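Accompanying notes for the structure given below.
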Amino acid sequence: MARSGEATQRGARVQNIVATRAGTDPTGTVVLAAHYDTVRGSPGASDDGIGVGTVLEVARAIESGPPSRNDVVVLLTDGEENGLLGAHRFVGTESVRAGPVVVLNHEARGNAGTPTTFRITSPNGVLIDSLAGAPGANADSLTELIFEALPNDTDFRRFAEHGHHALDTAISAGSAYYHSPLDTPDRLSRTSLQHMGDTSLTTARTLAGSDLTTVDDGGDQVVTTAPWGLLHIPRWAEIVGAITLAGIVGAIVVLQVRRGETSAWQVGAAVAVALLAAVLAAGAAWLPWWIVQTVDPGMAAPVADEPYRPGVFQFAAVVAALGVLLVARSWWGRGRPAAALTCGAFTLVALLALAGIPFAGVPLTMLVLILPAALGLLVALLLPQRDTVWPLVAITLGALGSLIFGLPAVLVSFDAGLLYGAPVAGLFVAFTFAAVLPLCEPFASTTRGLVVSATGTIAIVVVGTLLAGYFNRDGATDPRQEYLWYSLDADRGAAVWGSPDGPRSDWSEGLLTTGPESLPTAFPWREYRPMYHGPAPVADLEAPEVEILEDTTGGSARKIRLRLSSPRNAQAVGLWIDNTTAHVHGATVDGFRAEPSDDFGFLFWAPGADGIEVELTLSMLESRLGVRVADLGDDLGEVAGFEPPADRVVVQPTVAVTRTLQL
């Protein structure tokens, strides 16, 4: 049993697949991990077929090669989607021969894109060194912060919590197909699959031949991806780099003020303008997708809020962000020194690097984006003023150095999807724009330039947004997606359609006529989260059964043992205690301990035909115990009269039958 940040706990009868290849002189164990389960109604070709395929092929390649020094374990976990249950079981019952353990976990949040190692346990120095030797390795310390903002988790968390060393690698582009019926093998990027396999094989071979006892002493590094491979430095060097950047920018400001190119108060004002422009650029980058999604919500896949063809939206986002920055520069340049804006923008980035020191990866990101340009400008300022060629060369080379990192950062940001990635891309556009400001200083800003920048940007963004909407119009892409759940209340003989998402078409509007509002009786695992809903036909479905196996009472204390089963052999069963009738002080579900709580409830997957035993230790508040039970399937065809839409696919279909008991 496991709790994943929700009141309803998750459990399952999981069946992990584990195989071990013994090493010749093991110093530890390398685990190749992926999960083989998928969500309801999805084939799971990418999530996590790409991981399973990678693990099996890497294992085959290692087996066909010379014996490795360390043990190598293949781990295909079950129950990842329902609470990281297979990984939880593995770390609790593992029989790894040799430690320490290093886990290479393989995942997907889309069906394409560059496999990125977005989380690495600490200390990570040896792990990053091993990864750096792999072809096409892609990693960034900043991505861990971004990932925490996404509503996802992986088996990596259970490995890390148990003290294992681990690397978490995933693809995330093409997220419109994520957790949907369209996550099929023919839609999975073969390039991404090959890329993940190449990187994982080299990394696994390196670790399988290394002294893994050195991992704990390897120190911490920060990493980002450069065109030539991974750029990684010790954590202390990142901190020193942030301080050095601040010193370089400070020297630039002093030199410019002494030359009379600007003043301290102008630089201060420019910092505020640069900050406002960066924030507006991030918002502008998000705006095209938000507008279209508001007008036509069905264009977005409901799980990831992403269209099937995001390319033109991405272009519009970049243009919108760039337009805001051009307008800001044109406005500033009307009567104000261009050098002040450059100094202000550089100062802002330096301050962000200093402020980001507590967060590994933030200073490094600022460094690679602005340090080359800052060094180029500093060199130019130190050269004789009568020299006109070499200062331009220094500034140009510095700007190019920053562009080498800035442009890929903009593009990779979109792998997180338009909802999260577009604003991040807008920020990277702003930082990259700051790096080229020194090259723009000779060009005067005019009222005409301001008008042209504003109108040109608006025109391009509007046209781009309209084109993006046209390319993603209904009928022009793969079928659009909708949530649809069904719940039958066996006590009342009434049923409802429900969805955690609003209606996205005329079809779903005809079914989901009310809401959103909480429906704890129909969908007790939703924990009072709002649902759109509407009346549904009453299906002829058997309700879950509860059998009392043992019941003892002493005063207000009560211990009861139940059997919970599904006569219709549903995929999951659940039980929730009415906390106005009793408080749970101890619980086991199918032999596993569950966390006692005042709002106790659980969902249990793969209960089998005989169901599961539940043992509860209670303090009774009423004479009878109120219990809500449910079972869950995924076949909407069980509902008489249900007509699946011809031009839609239903995401994560759910058929629940509930009942309330007084025991």
- prompt: Residues of the range 304-335 being acidic (Asp, Glu) and buried (at least 24 other Cβ atoms within 10 Å of the Cβ), which ones?
  reply: 306
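Yes/no matrix, rows are residues, columns are (1) closer than 28 Å to residue 476 by Cα; (2) of a type in the set (S, T, N, Q); (3) not in a helix (DSSP H, G or I):
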site: 272; (1), (2), (3): no, no, no
site: 291; (1), (2), (3): yes, no, no
site: 294; (1), (2), (3): yes, yes, no
site: 340; (1), (2), (3): no, no, no
- request: Please specify each residue of the range 403-421 satisfying the condition of being under 20 Å from residue 148 (Cα atoms) and of a type outside the set (A, V, I, L, M).
  value: 413, 414, 415, 417, 420, 421
query: Quick one: is residue 451 of a type in the set (A, V, I, L, M) and free of Cβ contacts under 8 Å to residues at least 12 places away in the same chain?
result: yes
- request: Check off (1) at pLDDT below 95; (2) under 30 Å from residue 633 (Cβ atoms); (3) surrounded by fewer than 20 Cβ atoms within 10 Å (Cβ to Cβ) for residue 88 and give me the number that stays unchecked.
  value: (3)
- prompt: Mind checking which pairs have a first residue in the range 355-380 that is outside the structural domain of residue 253 (by TED's automatic domain parsing) and a second that is of a type in the set (S, T, N, Q) and buried (at least 24 other Cβ atoms within 10 Å of the Cβ), Cβ under 7 Å, 6 or more apart or different chains?
  reply: none
message: Out of everything in the range 552-575 that is basic (Lys, Arg) and in a strand (DSSP E or B), what residue ends up being farthest from residue 604 (Cα to Cα)?
response: 558
- prompt: Taking the range 202-251 only, how many residues are touching a helix residue (DSSP H, G or I) at 6+ places or on another chain (Cβ under 9 Å), farther than 22 Å from residue 144 by Cα and among the polar types (S, T, N, Q)?
  reply: 5
- prompt: So, in the range 31-62, of the ones that are aliphatic (A, V, I, L, M) and assigned to a loop (DSSP other than H, G, I, E, B), which residue ends up nearest to the chain's Cα centre (by Cα)?
  reply: 39
message: I'd like to check something: does the range 368-391 contain any residue that is surrounded by fewer than 24 Cβ atoms within 10 Å (Cβ to Cβ), under 22 Å from residue 264 (Cβ atoms) and within 29 Å of the chain's Cα centre (by Cα)?
response: no
- line: The condition of being part of a helix (DSSP H, G or I), more than 24 Å from residue 419 (Cα to Cα) and modelled with pLDDT of 95 or more holds, among 253, 327, only for 253
field: Residue that is farthest from residue 142 (Cα to Cα) [pool: residues in the range 207-227 that are within 26 Å of the chain's Cα centre (by Cα) and surrounded by fewer than 20 Cβ atoms within 10 Å (Cβ to Cβ)]
entry: 227
- request: List every residue pair whose Cβ atoms sit under 7 Å apart, with the two residues 6 or more apart in sequence or on different chains, where the first one lies in the range 29-44 and is within 16 Å of residue 111 (Cα to Cα) and free of Cβ contacts under 8 Å to residues at least 12 places away in the same chain and the second, anywhere, is among the hydroxyl-bearing types (Ser, Thr, Tyr) and surrounded by 22 or more Cβ atoms within 10 Å (Cβ to Cβ).
  value: none
- request: Please specify each residue of the range 509-563 satisfying the condition of being without any contact (Cβ under 8 Å) to a residue 40 or more places away in the chain, out of contact with any helix residue (DSSP H, G or I) (no Cβ under 8 Å at 6 or more places or on another chain) and of a type in the set (Gly, Ala, Ser).
  value: 510, 515, 554, 555
message: Looking at the range 125-168 only, could you name the residues that are within 10 Å of the chain's Cα centre (by Cα), among the hydroxyl-bearing types (Ser, Thr, Tyr) and in a loop (DSSP other than H, G, I, E, B)?
response: 154
- prompt: Pick from the range 33-51 the residues that are of a type in the set (Gly, Ala, Ser) and either surrounded by fewer than 24 Cβ atoms within 10 Å (Cβ to Cβ) or over 19 Å from residue 19 (Cβ atoms) (or both): which of them is modelled with the lowest pLDDT?
  reply: 41
field: Considering residues of the range 228-255 that are farther than 15 Å from residue 363 by Cα and assigned by TED's automatic domain parsing to the domain that holds residue 373 only, the residue surrounded by the most Cβ atoms within 10 Å (Cβ to Cβ)
entry: 252
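The values are calculated or read from the model by the stated rules, or taken from the named source; none is laboratory data. Given the structure is predicted, the values throughout are model-derived calculations rather than measurements. Every residue, glycine among them, receives a Cβ derived from its backbone with ideal geometry; neighbour counts consider all protein chains shown.
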